[in-house]
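The values are calculated or read from the model by the stated rules, or taken from the named source; none is laboratory data. It should be emphasised that the depicted structure is a prediction, and the values quoted were computed from it without experimental measurement. So basically every Cβ, Gly included, is an ideal-geometry build from the backbone, and we count neighbours across all protein chains shown.
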Amino acid sequence: MSLETLRPSPAFKDVLPVEYKDLVEHGPYNNRNGKDKQTVKVTDMGKFKEVIEEHPMCAGCAMTLFIRLTYIGMPNPEHTIVVGTAGCGRLAISQASVPFIYGNYGDTNAVASGLKRGLEVRFPNQAKDVVVMAGDGGLIDIGFQGLMHSWFRREKFTTIMLDNEVYGNTGGQESGMTNHGKVLKMAPRGKFGDKVDALGLAKVAGVDYIARLAPTNPARVARTVRRAIMVAREVGSSYIQAYTSCNIEYSIPTPDVMKDAFEIEKERYGFEEIISPAAKEYLDEVEKKAKKKKTDR
Amino acid sequence: MLIENNLVLTRSDPSGMGGTQLIYRVKNYGLTAVNRPQEEISQIHWEVEIIKFKDNTISSFEVCHTTELAKNTLKFYTDKSLNEFIEKSFQYFEELDSLEKMLPQDP
Amino acid sequence: MANVVGSSVCRTAVDEGKPEDWVPGGEKQKIIDPMKMFHELPRELQFITGSEAARESMRRANIDIAIAYPITPQSESMQQAGYLYDEGYIKEYYRAEEEIGTFSAISGASRAGVRSLTATSGPGLMRGMEAISSWPGARTPIIMLNMCRVINTPLAIQPDNIEMSFMLNTGILMLHAENQQDFYDFPLAAICASEQVDVTLPAVVSVDGFFCTHARGPVKVTPEEYKLPPRDGWRSAVPAMDNENPPARISRDAPIQKSNFISYHMHSSWQQEVFAAVERSAKYFRKYLGGLTEIVNPGAEDFIVASGCAVSQAREAVRQEGEQGRKVGLIKLKTIRPFPTEELYEAVKGAKRILIPEFNQAGWLHKEVCSVLYGRTKGVIKNGPRVYGGMTMPTEMILEWLEEFRKEVK
C-alpha cells in the first residue's frame, strides 16, 4: 500500500508485524534506486521478503514460480492493483500483499479498463499500475471479447496470460490455448481446432508491447514484466503470454517441470518480444536513464 | 416553455401512451396540446385540438373541427410556433364567445 | 504522450483539441450540500424529455466516469452523457464493447473510488445481469439508469418493466421513476444514498422507456452552477481498491472462495450485511426524497398502489374519480428496494379495496405488496390491471377495474 498514506510512527516500529517491516526494509516495496528500478534482484530470491510467499498451489507448479517472479518484476508494487479471475493462478495471486480484484469469470479486462481510468481520474499525479493476471481460458475463451476490446481501445494496463493450455482449476478441460489434437476432458477425440494465436491477435489489435516466454530465465521474466508495466503506464496496452505448465493435467512428474519448460520453450515457446516504435522509443529512454544512473555512481 | 396563461390542467396523457397533455380554456372554448413519445426524439411534436367544453369541469369536452382556427388536428414542431398559435386562439375564443352571445338563445 | 504522470485530469478533452484556456464545465460549478440542492435551491421549469432530464441530472451529479453500451431506448441518454463529457461535466467516458463489458468496467471504476454511472435497457440489463448481481457483494456504489424495455421474444423495443423483477433480490437499491421530473431527481438522491458509509451499495433508477424517455414533460431543475459533492472513495464500508489503504479481504482469502465451513459462514454473513445495508438506506431516501412514498387522498376506502408510469395513469384516474365525487387513494412507491413496507401498511390499513396497475406480465409489484401485507390488512388486493409488451394503459382501464372492484367487494 502507499507508504505515503500509511506511515507508521517510528516509535511503534518494534510492534509492527515482521512481514511488514521485512517487505519495506528488504523486499520490493519502496526499494528502488531510481523511480522504477527495483534494487531487489531475482538472483537474490530467498534472501529478501517477497510480495507473495505462501500459497496453496500444487507442488512443482510452474505457474507459481512465474507469479512470484512477476511480483518481483513489478516496478512499483505499492501502487499496483492486480485483477484476476477464476482459475489456478488466483489461488496464489490472492495471497500477495498487493490488492487483488477477483471478479466474475472472464471480466478481467473490462474491470481493469474501468479501474485504470478511474484511478487516473482520482490520482492524476500518482501512476497506479493495473495488471491483469488470468489464465488462458479466462482470457482467450470466456474473456475474449473483453480482452480484444481492451486492446482495441488501447487501455493502459498490462495483461498477463498464465498459459497452462488447460482448464486446470475445473479439472482439466481443453481450452482455446490447448494444442490441436490434445486429448483432454471435453476433448475425448482430441482438440479440434488449433491453439489460438493470441500473440498474432495482440499484434493485429495494436498492442504496444507483446512478449512470449517460459519461466526458464527468472531474470528475464522480471525484466519482461517490468517493461510491460512501464509501457502500459506511458504508451498503451501490453501483453505477456507465459507458458506455465499444468503438471497435474499434463502428467509432468514434479521433478521434471522445469525440464518440460525448457523443452517446450525450445520447441514452440521461445522468448519473443514484439515492440511498437513508440514503446521502443520509450523503453530505450527509460533504460538508458537507468544505465546512466548506474555508471554515475 | 409554453404559455401558462389560461392553462387549466397539465396531466399525463390519459390515452396511457405516456407523454403529457396541456389543456387551455377561455370561456367555453379551448385547446389541448398533447406531446407523445416518438422513437426519434427529433420527431417529437405537439398535437393540438380545438375543443369545446361541455360544462364547468376541466376534462369534459369534445373536439371541435368547425372553427376557423382548425378544421382538423394540428401539428406543431416547436414551442415557439405553438405559442404563437395559442396567443392567436385566445383572442379568437374571446371573440367567438361574444359572437355566440349575440346569437338568439334557446328559450 | 498525453497521459504522462501529473497531467491534468481532463486529458482526453485536451487531446481532442480544446483551446488552451478551456475550463471543463464541471470545474466552473460550485459544490452544494445535497439537502440544499434537493430542497432549498430555486428551480426553473423546463419542458424536456426524460433523456434530457437524465442529462440535466448527470450534469449536476459530479460524475467522474460514465461507461455504457447503446441500446434503445437508453441510447438517447447516454449520448447526452457523451456531450456532457465533451463539455467537461463528466471526466471519463467511453462506449464499451457490450453489457458484460460495460457493467464489469463500471464496477472496476467504482472500485477505483470514483463516481461511476452507466445505463441500459431490458435486454442489455439481462445480458449484464451476472455483473450486476455481483456489484452489491463487492460493495461498489454505482448509479445505473434503466430505461425499461421488453425482454421476451418476440423482440420489441417497447416499454415493459418486467426486467425490474430480476433485480429485486440482488441487493441493489431500486428506485422507480414516475415521470421526467423523477428521472431528474431520483438519480441525484440515489447517488447520495448509495455512497453513505452504512450503505455502500449500487443503485438503479428505472423508468418506463419511451413513455418517459422519448416524450417531453415538465421538469423543475436546480441552477446548473451547482453540483453534488464528489465521491470520497475512502468513506466507504469497503475501501476503494487503490492501494492507498489495506484492501477489503473479500477477494484475498482462498478460504472464502472454496467449499468449506468458513466460506459458508462468510458468504451468509456477507449477504445478511448487504441486505441489512439495503434497509439502512431507507433513512437517506426519506430525507432526500421526502419519503419513500407519496400518498394522495389518505384514508380512502379504495386505494391504488403503483410505481413508475402506472402512477401517472392512476393519478389521472384518481382525479377523474374525484370529479365524480368519489375519493380514491393513491400510494406511489418511489423506492422498491428498500421496500416501503411500513409506509404502505400505514397508508392502506383501513382500505377495503387495493388495486395494483402494472406495466408487466408477471405482476411483480402485486407479489411484493401481497408478501408484506399478508395477514396484516383486511383489504382485498386485486391482481391488476396489467398491460405489457408495450401496450398502453388508458385511464379508462383503471376506472373500469375500479368500478368492477366496487361491485365485487362491497
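Observations on the structure shown:
One line per residue, one yes/no per condition, for (1) in a helix (DSSP H, G or I); (2) aliphatic (A, V, I, L, M):
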{"residue": "C:V274", "(1), (2)": "yes, yes"}
{"residue": "C:P298", "(1), (2)": "no, no"}
{"residue": "C:K332", "(1), (2)": "no, no"}
{"residue": "C:A362", "(1), (2)": "no, yes"}
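- Which numbered condition A:I229 misses (of (1) within 14 Å of another protein chain (Cβ to nearest Cβ); (2) surrounded by fewer than 24 Cβ atoms within 10 Å (Cβ to Cβ); (3) aliphatic (A, V, I, L, M)): (2)
- Of all the numbered requirements in (1) more than 30 Å from A:K185 (Cα to Cα); (2) surrounded by fewer than 17 Cβ atoms within 10 Å (Cβ to Cβ), A:L283 misses one, and that requirement is (2).
- Positions within segment C:194-248 being outside any loop (DSSP other than H, G, I, E, B) and either free of Cβ contacts under 8 Å to residues at least 12 places away in the same chain or polar (S, T, N, Q) (or both), in sequence order: C:S194, C:S206
- Only residues that are polar (S, T, N, Q), buried (at least 24 other Cβ atoms within 10 Å of the Cβ) and either over 11 Å from the mean Cα position of the chain (by Cα) or within 13 Å of chain C (Cβ to nearest Cβ) (or both) were counted in segment A:65-81, giving 0.
- When residues of segment A:82-102 are limited to those that are more than 9 Å from chain C (Cβ to nearest Cβ) and in a loop (DSSP other than H, G, I, E, B), the one nearest to A:V131 (Cα to Cα): A:T85
- Meets criteria (without any contact (Cβ under 8 Å) to a residue 12 or more places away in the chain and over 25 Å from C:M147 (Cα atoms)) for C:R319: yes
- Segment B:82-99, residues that are without any contact (Cβ under 8 Å) to a residue 12 or more places away in the chain and either surrounded by 12 or more Cβ atoms within 10 Å (Cβ to Cβ) or among the hydrophobic types (A, V, I, L, M, F, W, C) (or both): B:E84, B:L99
- Single condition A:E53 does not satisfy, out of (1) part of a loop (DSSP other than H, G, I, E, B); (2) modelled with pLDDT of 90 or more; (3) not aliphatic (A, V, I, L, M): (2)
- Annotation: of all residues in segment C:276-296 being among the hydrophobic types (A, V, I, L, M, F, W, C), more than 14 Å from chain B (Cβ to nearest Cβ) and not in a helix (DSSP H, G or I), the one that is farthest from the chain's Cα centre (by Cα) is C:I295.
- For segment C:73-107, a tally of residues being within 14 Å of chain A (Cβ to nearest Cβ) and over 19 Å from C:M129 (Cα atoms) returns 8.
- Whichever residue in segment A:101-126 is of a type in the set (A, V, I, L, M, F, W, C) and buried (at least 24 other Cβ atoms within 10 Å of the Cβ) and, among such residues, is nearest to A:F157 (Cα to Cα): A:A112
Yes/no per residue for (1) assigned to a loop (DSSP other than H, G, I, E, B); (2) of a type in the set (D, E, K, R); (3) in contact with a Pro (Cβ under 6 Å, 6 or more places away or on another chain):
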| position | (1), (2), (3) |
| --- | --- |
| C:M147 | no, no, yes |
| C:V150 | yes, no, no |
| C:Q158 | yes, no, no |
| C:F166 | no, no, no |
| C:L175 | no, no, no |
| C:F183 | no, no, no |
| C:P187 | no, no, no |
